[in-house]
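Engineer: Structure below; questions to follow.
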Amino acid sequence: MRRPVIAGNWKMHGSRAGNADLVAPIVEAVRGGLPCEVLVFPPYVFLPQVLEQAADSGLGVGAQNVSDRSSGAYTGEVSAAMLADVGASHVLVGHSERRALYGEDDATVAAKFAAALSAGLTPILCVGETRDERESGRTESVVARQLAAVIEAVGARDLGRGLLAYEPVWAIGTGLTATPEQAQAVHAFLREEIARRDATIGNSLRILYGGSVKADNAATLFACEDVDGGLVGGASLKPEEFLAICRAAA
Ligand code: PEP
């Protein structure tokens, strides 16, 4: 049984006042019991604030990015050890916005995944194809390549210390959602890719779906056999909707 995970990626949104209003109802709901593990990913500067609000509630707090370096003259970077030091438990690596807008290639993403593990963080590896790649029949080869880079760096067993998120780029922030059939097909493919290296990890790794998950499409996506929850962007900024998505993970 893979316990579902719902992860809210706030992207570059938030303010001290707004975060307090957003997190309070989530903390209350987590304390009351939800059918899934719940994680939020605020911008770096708000991590201490959100960690304080979430303290001892069961709500997990992670970062949206991490450096692939451990320390030194890397102006503007934040290391995995620093994130662990302030109390973050998780980190996103390889989000398509990082890959497309900030030039992160597969090797950098793999190095970030390894850095996160070294500091005791749980990385969430994001993979996904663009619209062009899907339309030219390359979805499987793209996600297999993105996944293989991390497996080559850390091994299949250590991949299992993280989580995987399938996020078709064409569905992120666009209102276009993969159909449950499309999501299930890619999740099953990814699970198979992992299982042929390590059957135990293939079966146990939690694979989240991301891409315009909303309260009204969450239940059908989460009902798919190989979909173990969601990575939620826009809808994670609305507490009512985010909690409706969490409840749909039952
Ligand atoms: C994301 O940011 O990872 C994401 C899936 O965004 P959205 O839910 O807004 O499509």
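Engineer: Can you tell me the alpha carbon radius of gyration of segment 1-59 divided by the globular rule-of-thumb value 2.2 N^0.38 Å?
Structural biologist: Against the compact-globule rule of thumb, the ratio is 1.11.
Engineer: Please give the FRET efficiency for residue 2 paired with residue 238, using the beta carbon to beta carbon distance and R0 = 25 Å, rounded to the nearest 0.05.
Structural biologist: Calculated transfer efficiency: 0.40.
Engineer: Across the chain, where is the longest run that never hits trypsin sites (Lys or Arg not before Pro) in a DSSP loop with at most 15 other C-beta atoms within 10 Å?
Structural biologist: Longest run free of exposed loop sites: 70-137.
Engineer: With r defined as the distance between the Cβ atoms of residue 157 and residue 223 and R0 fixed at 45 Å, what FRET efficiency is calculated, to the nearest 0.05?
Structural biologist: For R0 = 45 Å, the calculated efficiency reads 0.95.
Engineer: Right, another one. Out of segment 3-105, which chymotrypsin sites (Phe, Trp or Tyr not before Pro) are coil in DSSP terms and have no more than 12 other C-beta atoms within 10 Å?
Structural biologist: Answer by residue number: 74, 102.
Engineer: For the pair residue 28 and residue 100, what calculated FRET efficiency results from E = 1/(1 + (r/R0)^6), where r is the Cβ-Cβ distance and R0 = 35 Å, to the nearest 0.05?
Structural biologist: According to the calculation, E is roughly 0.45.
Engineer: Follow-up. What do the square roots of 5 times the Cα gyration tensor eigenvalues come to for the chain, in whole Å, largest first, as semi-axes of the equivalent ellipsoid?
Structural biologist: Sorted largest first and rounded, they come to 25, 22, 17 Å.
Engineer: Under a 10 Å cutoff between Cα atoms, tell me which one of 106, 132, 226 has the largest fluctuation in the Gaussian network model of the chain.
Structural biologist: Looking only at 106, 132, 226, the largest GNM fluctuation is found for 132.
Engineer: Something else about it: Among the GluC sites (Glu not before Pro) in segment 174-225, which ones are in a DSSP loop with at most 16 other Cβ atoms within 10 Å of the Cβ? Mind listing them?
Structural biologist: Those that pass, being in a loop and sparsely packed, are 225.
Readers should treat all values here as calculations from the given coordinates under stated rules, not as data from a laboratory. All of these numbers come straight from a predicted model, not from anything done at the bench. Note: ideal-geometry Cβ built from the backbone for every residue, glycine included; neighbour counts use all protein chains shown.
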